[in-house]
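Notes for the one structure printed next.
The values are calculated or read from the model by the stated rules, or taken from the named source; none is laboratory data. No experiment lies behind these values; they were computed from the predicted model shown. Here Cβ is always computed from backbone atoms with ideal geometry, including for glycine, and neighbour counts include all displayed protein chains. Accessible surface is based on the protein model in full, side chains and every heavy atom, while ligands, DNA and RNA are left aside. Shrake-Rupley method; radii C 1.70, N 1.55, O 1.52, S 1.80 Å.
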Amino acid sequence: MPEAYEQYLVPVLFRPFAEDLAARAAALRPRTVLELAAGTGALTAGLLASVPSAEVTATDLNEAMVAFGAARVPGAVWRQADARRLPFPDGGFDLVVCQFGVMFFPDRVAAFGEARRVLAPGGRFLFNTWGPIASHGFDDAVQAGLARAFPVDPPLFLPTVPHGYADPAVVADDLAAAGFALEAEEKLTLEGRAASAADVALGFLTGSPVGAAVEERGGGPDEHATVVEETTARLGRGPVTATMTAYVFLSAA
């Protein structure tokens with residue numbers, strides 16, 4: 001899964017926002033950075049380039065992602081870690097960052113509390129979340145394909161998990177409950193570019209939990225073809241572009 005995720009999804013969906021977060025991180029001039037839910041290292045690489053003097057520690061719950069990321073971005077220290085129980089002492093970092101990972105935390109307030117614990121006084125927590133799925137051209141097209149392939153019981157991973165934490169007011173309340181002071185919140189829309197709509201669909205089907213959800217429903221080549229066909233019908237043939245909306249949050253410990 002990490003290989004397909006890195007090949008088909010990272011350049012299209014995650015790298016544009018990684019560049020944005022890395023630039024925001026650089027403006028804070030941190031010396032020690034902890035990244036949560038680092039995946040294969042899209043943001044990690046950006047942090048090393050934009051803040052070359054900082055010590056970057058990248059973590060992820062998924063051991064396969066950690067192994068892949070460590071090989072791809074060896075300049076960071078990589079650790080397998082649960083964001084709710086971080087294996088680091090109190091106050092050890094100036095900045096905690098997370099790109100599109102907080103939506104996956106089973107207990108967000110607990111994870112935010114851990115981020116606050118490992119931050120030095122005055123340290124910052126910088127992260128982003130996806131907006132509603134309708135504001136994301138690629139994900140919305142893939143979800144339409146899934147609904148067509150499984151009209152009775154479509155996989156709902158995309159609208160309920162990646163796009164299931166799309167209310168900024170809820171995020172702000174969770175930050176406050178964890179003891180953070182929200183400094184800034186921004187709605188950000190960027191454009192993604194893919195070699196083809198089929199590549200995007202393939203990325204989700206083979207490089208994300210969508211694939212497992214399809215298999216659980218008995219899906220196979222026919223259903224995959226339907227998802228690709230519908231995604232292509234909505235995005236077009238050949239190289240495709242789509243807008244993607246996210247929210248960026250900066251808070252202080």
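With the convex hull of its Cα atoms as the shape, the stretch 86-161 has an orientation-averaged projected area of 6.3 nm².
Its Cα centre serving as origin, the stretch 59-152 has a Cβ charge dipole (Lys and Arg +1, Asp and Glu -1) of approximately 80 debye. Against the main long axis of the alpha-carbon atoms of the chain, helix 168-177 sits at an angle near 40°. Ranking Gly113, Tyr165, Gly145 by Cα position along the charge dipole of the stretch 98-253, where only Lys, Arg, Asp and Glu carry charges on their C-beta atoms, puts Gly113 farthest toward the positive end.
For the stretch 85-130, what value does the Rg/Rh ratio take when both radii are computed over Cα atoms and Rh is the Kirkwood radius, given to two decimals? Result: Rg/Rh = 0.95.
Estimated from helices alone, the mean residue ellipticity of the chain at 222 nm is -12500 deg cm²/dmol (sum of -39500 (n - 2.57) over DSSP H runs with n ≥ 4, per residue).
In the full protein context, the stretch 1-77 carries 42 Å² of accessible surface per residue, based on a 1.4 Å probe and ignoring ligands, DNA and RNA.
Cα centroid distance between the stretch 226-253 and the stretch 100-136, in Å? Between the Cα centres of the stretch 226-253 and the stretch 100-136 lies a distance of 21 Å.
Once the Cα-Cα distance is subtracted from the 0.36 nm per residue extended length, the Ser50 to Glu63 segment shows a gain of 2.1 nm.
Using the Cβ-Cβ distance between Ala172 and Asp107 with R0 = 25 Å, the FRET efficiency computed as 1/(1 + (r/R0)^6) comes to roughly 0.90. Among bridges DSSP assigns within the chain, what percent are antiparallel (round to 5)? Beta bridges within the chain, antiparallel portion: roughly 55 percent. Across the stretch 122-253 the C-alpha pair distances fall into 5 Å bins from zero in the proportions 2, 11, 19, 19, 15, 12, 9, 7, 5, 1, 0 percent. In units of the rule-of-thumb radius 2.2 N^0.38 Å, the chain shows an alpha carbon radius of gyration of 1.00.
Taking the accessible area of the chain, probe 1.4 Å, and keeping the other protein chains in place, the carbon and sulfur fraction comes to 52%.
For a label point 7 angstrom out from the Cα of Glu19 toward its Cβ, which stretches of the stretch 99-141 have the backbone nitrogen within less than 20 Å? What the label zone holds, given the 20 Å backbone N cut-off, is 99-100, 127-131, 136-139. Please report how far the C-alpha centroid of the stretch 1-58 lies from that of the stretch 160-210, rounded to the nearest whole angstrom. Each part reduced to its Cα centre gives a spacing of 15 Å.
For the chain, build the charge dipole from Cβ charges (+1 Lys, Arg; -1 Asp, Glu) around the Cα centre, then report which of Ala67, Ala253, Gln99 sits farthest towards its positive end. Ranked along the dipole, the leading option is Ala253. Histogrammed with a bin width of 5 Å, the alpha carbon distances of the stretch 1-122 distribute as 2, 12, 23, 25, 23, 11, 3, 0 percent, first bin at zero. Full extension of the chain between Asp222 and Ala181 gives 9.8 nm of extra length, using 0.36 nm per residue less the Cα-Cα distance.
GNM on the chain, alpha-carbon springs under 10 angstrom: the most fluctuating residue among Ala83, Ala111, Ala213 is Ala213.
Summing Cβ point charges (Lys, Arg +1; Asp, Glu -1) relative to the Cα centre of the chain gives a dipole of roughly 580 debye. Computed over the Cα atoms of the stretch 176-239, the ratio of the radius of gyration to the Kirkwood radius (Rg/Rh) comes to 1.22. The length gained by stretching the chain between Arg72 and Arg29 to full extension, at 0.36 nm per residue less their Cα-Cα distance, is 13.0 nm.
Rounded to the nearest 20, the size of the Cβ-charge dipole of the stretch 1-127 about its Cα centre is 340 debye, with Lys and Arg at +1 and Asp and Glu at -1. For the stretch 26-98, the mean projected area of the C-alpha convex hull, equal to one quarter of the hull surface, is 4.3 nm².
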